[in-house]
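The values are calculated or read from the model by the stated rules, or taken from the named source; none is laboratory data. All values derive from a computational prediction rather than experimental measurement. Because the Cβ atoms are built from the backbone with ideal geometry, glycine has one as well, and the counts that use them run over all protein chains shown.
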Amino acid sequence: MKYFFKMFRYLRPYWLSYGLGMFLYSAQTFVFTFIPGMFASMIMAAILAASPAMINDALIFMGIAVAIASVVTGAGIYVYVIQSNKAIRDLKRDLFRAFTATGIETAHTHSGEGIAALNTEADRATEVYGNPLSVFLRNVIAIAGFIVVIFLIDWRLGLGTLAVGSLSFFIQNRFTKPLAKIGKEQLDANAAVVSSMSNKFSGGLTIRAYNLQERALVTFDRESSKLKFLDFRRAGIQAFQNMFMTLQGWLTLVLIFGGGGLLVIADVLNLADLMLVWPMVTGAAHAFGDIGQTYASLQPPLVAAEKVIDRIDAARRGDRPRSPAPQTAKGYELRVENLNFRYRESQSEALRNISLEIPENQVVAFVGGSGSGKSTLLRAIIGMFEREELPITLGGLRFSDTSVRNWRKNFAFVDQSCTLFDMTIAENIAMGAGGAASIEDISHAARRAHIHDFIEALEGGYDAPTGEKGGSLSGGQRQRIAIARALVKKAPIIVFDEATSALDKETEAQIMETILSLRNDHTLLISTHNLDNAVCADMVIVLENGEIVEVGLHDELMAKGGAYRKLYDEKDKDSTENAG
Ligand SMILES: Nc1ncnc2c1ncn2[C@@H]1O[C@H](COP(=O)(O)OP(=O)(O)OP(=O)(O)O)[C@@H](O)[C@H]1O
Ligand SMILES: [Mg+2]
């Protein structure tokens, strides 16, 4: 229930009109049962009195009451739906932000999960603003009204209604647990389907190239058959539930006409009152049953709410400083002290006992075989992982003391994938400066990344669109634009993770030259497979299985004849093989 109340923080700004709308809307069950009951009762009284005038009165009453009630409840629905939609929008906005701000461990690797969360989970969570609450409220109001009216007419019928109602509540409540459990499983299964599908869509090129369509279909069938199974179970339980509801319906009739009939014969109840009591008792029995289901119908939204709210709160934590210590770095000397890191879903540690000391304005090359931990280390340094604590300090500022957001300000980053957004080239580069960079800064950065001439030659120049994920550009062009984007940020530390891997030798050399020209007023952390790029580094760090095995200058490490030397010799072997 904690998450029920947490969900309501999004309604707080709209509370008054939402509450009013919800109340008016929820009064309708009572009102729309009471009016026909009253009408039937008046007609019956008219029949017993053989008075056409009283029928006329009843018709007038009915007409006016229905008109007023329809307008009021209609307005109620309108107001409450509008207000809850505002809250839903606010929540989705926060959730989207949370996904872009946190957790590459999950969000980055499972973008499908993010999409599922934004659609399915957020929608499901925000259901609490609508149905379960309005059903609950509607029934509470209805029961209160019905019981008062019934007791006013005859206390025995009142007690009978309470008895049938409690039975109905009890029966429906029994179905709560299994339905709630299935609801949660359905949610997970649904997320799995969406996630798996989005994965297949984004891997479209590979699927077509290897004719994997049938295989993809097999996965789809497997995932969705889980969903089918759950649907069956839910339907089965609902069938039972329905059976009991019918039974309870019969009991109600026994009470009204069996009990009511006896009372009429005993002359303690007149026929007109029986006409009014009839819908009241039926309505009360239903309302009790519906309340019994409220808990069940709240479960799927609450399960979703837990996921959604937790994610949003995690992102908020990332925005807040974690300690009152000063939040600015003095200089940008980088220290890592005995860092161990394991990915959340992984068994083994990706980084072990990493200790580093990198003075300002150094060029540091990170080398090592594939999977040795280069990318992981660089990502840990720039604050890509949602951890409260990592033993890293920058100019005396401890990672654990500041917000992730503040920490990241100190770094520019170019990675292997060089993701571009579906915008113009200028806008893409400006993203490096948070979206606001002058055209001079943009073209200056583009020049330094050796991409200016290419952009100028494009139709539209800097305003040319890049297509989704930069799809209308070559890999090398994307990398250079990504480098320009990093240069525009003017961060003291620039991190290049295989930033030049998609370039031909000549362009790579040119860009490395550009990158190295930044060394006078930037620290450059460069992970690379091309050991030529390590030659002029101030420090080469060699990683193996997540551990630092060697540190030194290129020449020193060559002379030492250890791990670095081995990497270097293998590279030479590769290039002669390639040449030959
Ligand atoms: N999101 C992730 N979840 C779990 N394990 C991961 C994740 N990303 C990487 N790993 C694992 O962490 C280890 C280090 O990977 P990392 O990407 O840091 O290597 P790398 O040195 O950058 O390799 P490459 O040269 O191929 O880019 C690998 O064993 C990899 O399987
Ligand atoms: Mg890597």
Restricting region 323-347 to residues that are free of Cβ contacts under 8 Å to residues at least 24 places away in the same chain and under 29 Å from the mean Cα position of the chain (by Cα), the residue that is nearest to ligand 2 (Cβ to nearest atom): Ser346
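Here's the yes/no breakdown for (1) modelled with pLDDT of 85 or more; (2) farther than 30 Å from Met558 by Cα:
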| site | (1), (2) |
| --- | --- |
| Ser372 | yes, no |
| Thr393 | yes, yes |
| Lys409 | yes, yes |
| Ile442 | yes, yes |
| Glu459 | yes, yes |
| Pro465 | yes, yes |
| Gly471 | no, yes |
State whether one or more residues within region 134-157 are modelled with pLDDT under 80 and aromatic (Phe, Trp, Tyr). no
Flagged pairs (Cβ under 7 angstrom, 6 or more apart or on separate chains; first in region 368-383, outside any loop (DSSP other than H, G, I, E, B); second modelled with pLDDT of 90 or more and within 6 Å of ligand 1 (Cβ to nearest atom)) are Lys374/Gly368; Thr376/Ala350
In region 379-421, the residues that are over 22 Å from Arg322 (Cα atoms) and buried (at least 22 other Cβ atoms within 10 Å of the Cβ): Ala412, Phe413, Val414, Cys418, Leu420
Only one of these is over 26 Å from Asp123 (Cβ atoms), surrounded by 15 or more Cβ atoms within 10 Å (Cβ to Cβ) and in contact (Cβ under 8 Å) with a residue 40 or more places away in the chain: Gly158, Gly145. Name it. Gly145
Counting just the residues of region 348-379 that are away from ligand 2 (no atom under 13 Å from the Cβ) and under 30 Å from the mean Cα position of the chain (by Cα), which one comes out farthest from Ala412 (Cα to Cα)? Ser348
Please work out which one of (1) surrounded by 13 or more Cβ atoms within 10 Å (Cβ to Cβ); (2) closer than 26 Å to Thr294 by Cβ is the condition Gly236 fails and give its number. (1)
Go through (1) under 29 Å from the mean Cα position of the chain (by Cα); (2) free of Cβ contacts under 8 Å to residues at least 60 places away in the same chain and name the single condition Thr419 misses. (2)
How about region 398-493: which helices (runs of 4 or more DSSP H) wholly inside it have at least 1 residues that are under 21 Å from Asp521 (Cβ atoms)? 404-408, 425-430, 439-448, 475-489
Please verify whether Ser417 is on the phi < 0 side of the Ramachandran plot and within 16 Å of ligand 1 (Cβ to nearest atom), treating the condition exactly as stated. yes
